[in-house]
Amino acid sequence: MSSYWAKRRRILKGVERDKQEIAAANDALLAVIPDFDQVNPPVNEHQHGMASTSHGQTVTPEAQDITVDEVYEPSEIFSSSTEDSEEEEDCLRTQLAGWAIDNMIPHVALGKLLTILSKDHPTLPKDPRTLLKTVTCVKTTELSGGVYHHSGIESGILSQFLVSPELQKLTSVSMQVNVDGLPLFKSSNAQFWPVLGLIEQYVCNVQQNKLPFVIGLYYGKKKPSSLHFLNPSPFVEEAQRLEAEGVLFERRALPFKISTFICDAPARALVRNVKGHSGYYGCDKCVQKGVHYENRMTFPQTDSAPRLDHAVRDELSDDSHQCGETPLALLSVGLVTQFPLDYMHLVCLGVTRKLLHLWLKGRRLTRFSPSMVKELSRVLLTFTPHVPCEFNRKQRSMEDVERWKATEFRQFLLYTGPVSLKGLVPTIKHVLETCS
Ligand SMILES: [Zn+2]
C-alpha cells in the first residue's frame, strides 16, 4: 500500500507541475479545465491519458515511468471527492469479498464478475484471490502419512472474543472439541480430518451465534494411520500449556479446560486409540465382551461393570480394549466420561430409523399393513403446513423415509411420531393385557 500512496503523490506532483506549465503557456486551455469532467466523463482512462498528452504537453521524468493506466484520471485529479470515492471503492471491495464468502461463489464466477465490474471500478482487483486476500502460504507439518496445519487453540478462542464481544466477560473458558473425517472427492480416498473447537459457554448464552473454529486440519490420502496429528505437537502441547497457564486475554489469564470431545464412533476410537465399536471389547462405557448377533456386534448386558476414566488412562483396563497409548492421556480429560456417545448416530439415525424400518419392512409380526402405512403418512402430512420455522425441515411422508435426514427422525421421535402413531400401534397396557 505504501508504494501505491508514494506513486500517487508522485503522480499528483507531476500533474500539478503540468498544470502550471499549461497555465503559463495557454490561459485559454486552463479556462476549459474546470468543465473537463462534464465534457469527458471518466469512463476510459486510456483515452484521458492520451488526451492529456496529445495536447503536446511534456510529461515530467517522474511521470514517465508510470503506466498510462495509473495516471491522468481527470475525475481523480480535479474532483474534490477523491477521498470519498476511494472509501466507496474500499467498501465495495469488502462487501464483494463478504458476499462471495457467504454465498460460496466459485473463483471462476467471481473472476468473471470482477472483469465486468472493472470497467466501472478500475481499482477493483482482477483476481479473486486478491479480493479475498487468500492466504498463499500455509505452514504444514508431515504427520501420520499426511500433512497437518495447526491454526491454534488460543488464537481461535481470541478470534471468537472479537466476533462475539459478550464472550469477553467470561471468567473461564471451557471448550468442546470435535474431530471427524471428511471425504473430499468421490473418485479418491483423499480426506480432511479437521479438529474443531467450540466455546461451550456459547451454547448456554448466545445460541444464535455459536460458531465453531478450526484448531487444526489434517489432510491425507487415507484415514490417518495414527494419532500423530494430535501428538506430540502441536494440539496436545498447546492444550497442556493452556490448562496450566490459562488463556491470556487483556492481561487476564482465563482458566481453560476441554469439557468434551464430541466425535462419532470411529473418530472416538481413533483419538482414544481403542478398539472400534465392532470389536468384542468395543463398548466405550462398560467392560463386557460383546456377542455377535446377525452379523453385528451387540452388547446385551445392561448391568456390566463400567469402564473407568483412570483405567483407560493408565491402560489398566482390558488389554483387548486399549490398542496403545493415547496422547490425550496427557490432558486432564476423562477418557470415558468426557467422550459422550453421539445422539445423532445412535438415537436419530440408529434406534428411531431401525424402529421405522421394522414397522415398514420388518418381519410379519411387527410390520404395518399397507393401510396402516397409508394412514400414518396421511396423518404426518397434515402436520406439514404447521411446522414452525424453528424446525429444520417440513414433515415428509413414509414414502420418503429412506431419504429422511437425522433431524427428521428427531422430529418424528419427539414431536410428530407420538401423535401420529396413536391408535395405530397398541399401547403397552393393551399388549400386556393381550399376553396375559
Ligand atoms: Zn457397554
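The values are calculated or read from the model by the stated rules, or taken from the named source; none is laboratory data. Everything numeric here is computed off the predicted structure, so don't read it as measured data. Glycine gets a Cβ as well: all are built from the backbone with ideal geometry, and neighbour counts include every protein chain shown. Note: accessible area is taken over every heavy atom of the protein model, side chains too, but ligands, DNA and RNA are not part of it. Shrake-Rupley method; radii C 1.70, N 1.55, O 1.52, S 1.80 Å.
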In square angstrom, rounded to the nearest 10, how much accessible surface does THR366 have for a 1.4 Å probe? 60
Measure off, as a whole percent, the carbon and sulfur share of the 1.4 Å-probe accessible area of region 343-435, all protein chains present. 62
With θ set to phi - 60°, apply the Karplus curve 6.51 cos²θ - 1.76 cosθ + 1.60 along region 247-259 and write out the HN-Hα couplings as whole Hz, x wherever there is a Gly or Pro. 8, 7, 9, 6, 6, 10, 9, 7, x, 10, 8, 8, 7
Using a cut-off of under 19 Å, list every residue of region 113-155 whose amide N is near the label point 7 Å from the Cα of GLU89 along the Cα-to-beta-carbon line. 113-133
Efficiency of FRET between SER278 and THR115 - r from beta-carbon atoms, R0 41 angstrom, step 0.05: 0.15
Additional length obtainable on full extension of the chain from SER159 to SER304, 0.36 nm per residue less Cα span: 47.7 nm
For LYS133, counting only lysines whose alpha-carbon sits under 18 Å away and dropping same-chain residues fewer than eight positions off, the answer is LYS112
Anchor LYS285: lysines whose Cα lies under 30 Å away (excluding residues fewer than 8 positions away in-chain): LYS210, LYS222, LYS223, LYS257, LYS275, LYS354, LYS405
How much accessible surface does ILE258 have with a 1.4 Å probe, in Å² rounded to 10? 0
Return the tail of the calculated pair distribution for region 343-435, meaning the percent of Cα-Cα pairs more than 21 Å apart. 31
Order by protection proxy (mean Cβ within 10 Å, highest first), peptides 123-132, 168-177: 168-177, 123-132
Surface per residue (accessible, 1.4 Å probe) for region 138-271, Å²: 51
Value of D in µm² per second that Stokes-Einstein yields for region 83-131, Kirkwood Rh from Cα pairs, at 25 °C (0.890 mPa s): 225
Rounded to whole Å, sorted largest first: equivalent-ellipsoid semi-axes of region 278-351, Cα gyration tensor: 23, 16, 11
Suppose all protein chains stay in the model; what accessible area per residue would a 1.4 Å probe give for region 343-435, in Å²? 71
If you average over every viewing direction, what projected area does the convex hull of the Cα atoms of region 138-271 give, in nm²? 8.8
Give me the 1.4 Å probe accessible area per residue for region 274-324, excluding ligands and nucleic acids, in Å². 64
Label points 7 Å out from Cα along the Cβ direction at ARG252 and THR123: separation in nm? 4.0
Need one number: nm distance between label points at VAL138 and LEU414, each 7 Å from Cα along Cα→Cβ, rounded to one decimal. 3.4
How high is the FRET efficiency from LEU365 to SER436, r the C-beta distance, R0 30 Å, rounded to 0.05? 0.95
I want to check the label-to-label distance for THR427 and GLU16. Put each point 7 Å from Cα in the C-beta direction and report it in nm to one decimal. 9.3
Using a 1.4 angstrom probe on heavy atoms only, work out the carbon and sulfur share of the accessible area of region 116-223 in %. 58
For GLN168 and VAL108, FRET efficiency with R0 = 41 Å and r from the beta-carbon atoms, rounded to 0.05? 0.55
